[in-house]
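This report concerns only the one structure given below.
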Amino acid sequence: MGFEEAEKCKFNPFDLTKIWPHGDYPLIPVGRLVLNRNPTNYFAEVEQIAFAPSHLIPGIEPSPDKMLQGRLFSYADTHRHRLGANYLQIPVNCPFKVRNYQRDGPQCVNDNQDGAPNYYPNSFSGPEHNSKHLESACPVSGDIKRYDSGNEDNFSQVGVFWEKVLNEQEKQRLIENISGHLVNAADFIQERAVTNFGKCHPEYGHRLKEALNKLKNKQTISMRKSNL
């Protein structure tokens with residue numbers, strides 16, 4: 001999806017509750033992650049590992065999704081609190097040699113880049129900026145304001161998911177899971193939920209209502225038997 005398409009899209013493409021239909025935007029394979037061995041030391045290679053969405057390779061960049069943008073900061077910040085300011089020096093998090101201007105700090109676990117300068121510009125062959133690794137330009141338009149996302153279309157994609165993605169067994173399990181938890185809620189909450197699911201797809205709401213009625217009937221019979 002290009003920038004022009006995103007601006008004209010009928011739904012917010014950067015709302016994490018929405019999906020990009022694969023029929024319109026097919027998935028693009030970018031590589032393969034191969035796990036070829038088990039950890040040799042659980043603490044060193046599992047407990048200390050630090051995954052973060054901000055760890056990106058050149059050519060792959062984050063979208064403007066607000067949740068993702070928050071996680072770009074929060075994941076790395078959590079690792080600094082959990083593992084220390086130099087968590088990226090731990091071998092499981094950095095298996096290669098790094099040349100940059102980051103020095104010192106608590107728990108420095110490597111050679112601290114020897115006597116390389118920690119300032120730029122310098123006269124000692126320090127690393128230079130490489131413009132080919134800059135983020136791509138992103139045009140921005142429109143007003144910045146608070147708005148109620150509840151007024152957007154929050155139903156049609158769920159309807160497509162129900163009708164075209166789930167098979168009958170998956171639908172049945174979904175109804176059982178929702179009704180099994182919803183049956184203990186207040187009646188007006190159950191009615192509101194059935195209405196919302198019905199807006200997604202009439203069959204979705206109808207089957208959920210039927211499942212709730214069956215469960216409530218079972219509860220009533222069980223209570224009568226316990227009072228005998």
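The values are calculated or read from the model by the stated rules, or taken from the named source; none is laboratory data. The structure presented is a predicted model; accordingly, all values stated were derived computationally and were not measured. Reconstructed Cβ throughout: ideal geometry from the backbone, glycine too, with neighbour counts over all protein chains shown. We work out accessible area using only protein heavy atoms, side chains counted, and drop any ligands, DNA or RNA first. Shrake-Rupley method; radii C 1.70, N 1.55, O 1.52, S 1.80 Å.
Data overview
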read-out: Residue in the range 59-79 that is over 30 Å from Ile19 (Cα atoms), open to solvent by 100 Å² or more (accessible area, probe 1.4 Å) and either in contact (Cβ under 8 Å) with a residue 24 or more places away in the chain or not in a helix (DSSP H, G or I) (or both) present; value: no
read-out: Within the range 36-56, considering residues that are part of a loop (DSSP other than H, G, I, E, B) and open to solvent by 90 Å² or more (accessible area, probe 1.4 Å), the one nearest to Leu72 (Cα to Cα); value: Phe51
read-out: Only listed residue being modelled with pLDDT of 90 or more and either surrounded by 11 or more Cβ atoms within 10 Å (Cβ to Cβ) or out of contact with any Lys or Arg (no Cβ under 8 Å at 6 or more places or on another chain) (or both), chosen from Leu33, Leu83; value: Leu83
read-out: Positions within the range 1-25 being in a helix (DSSP H, G or I), charged (D, E, K, R) and surrounded by 11 or more Cβ atoms within 10 Å (Cβ to Cβ), in sequence order; value: Glu5, Glu7
read-out: Count - residues of the range 121-136 that are closer than 30 Å to Ser63 by Cα, without any contact (Cβ under 8 Å) to a residue 60 or more places away in the chain and either touching a Ser or Thr at 6+ places or on another chain (Cβ under 6 Å) or open to solvent by 100 Å² or more (accessible area, probe 1.4 Å) (or both); value: 3
read-out: Matching helices (runs of 4 or more DSSP H) fully within the range 91-203 where at least 2 residues are at pLDDT 95 or above and among the β-branched types (Val, Ile, Thr); value: 168-182, 187-200
read-out: Qualifying residue in the range 201-216 (condition: in contact (Cβ under 8 Å) with a residue 12 or more places away in the chain, out of contact with any strand residue (DSSP E or B) (no Cβ under 7 Å at 6 or more places or on another chain) and of a type in the set (S, T, N, Q)); value: no
read-out: The range 29-47 residues that are farther than 22 Å from Arg80 by Cα, paired with ones that are among the hydrophobic types (A, V, I, L, M, F, W, C) and in a loop (DSSP other than H, G, I, E, B) (beta carbon under 8 Å, 6 or more apart); value: Val30/Ile60
read-out: Answer from Ser149, Ser141 - the residue that is of a type outside the set (A, V, I, L, M) and open to solvent by 80 Å² or more (accessible area, probe 1.4 Å); value: Ser141
read-out: Verdict on Ser222 being farther than 30 Å from Ile57 by Cβ, among the hydroxyl-bearing types (Ser, Thr, Tyr) and touching an Asp or Glu at 6+ places or on another chain (Cβ under 9 Å); value: no
read-out: Residues (in contact (Cβ under 8 Å) with a residue 12 or more places away in the chain, over 26 Å from Gly23 (Cβ atoms) and out of contact with any Lys or Arg (no Cβ under 7 Å at 6 or more places or on another chain)) located in the range 157-200; value: Glu176, Ile178, Ser179, Gly180, Leu182, Gln190, Ala193
read-out: Single match in Ala185, Ala193 (criterion: open to solvent by less than 90 Å² (accessible area, probe 1.4 Å), of a type in the set (A, V, I, L, M, F, W, C) and farther than 29 Å from Lys66 by Cβ); value: Ala185
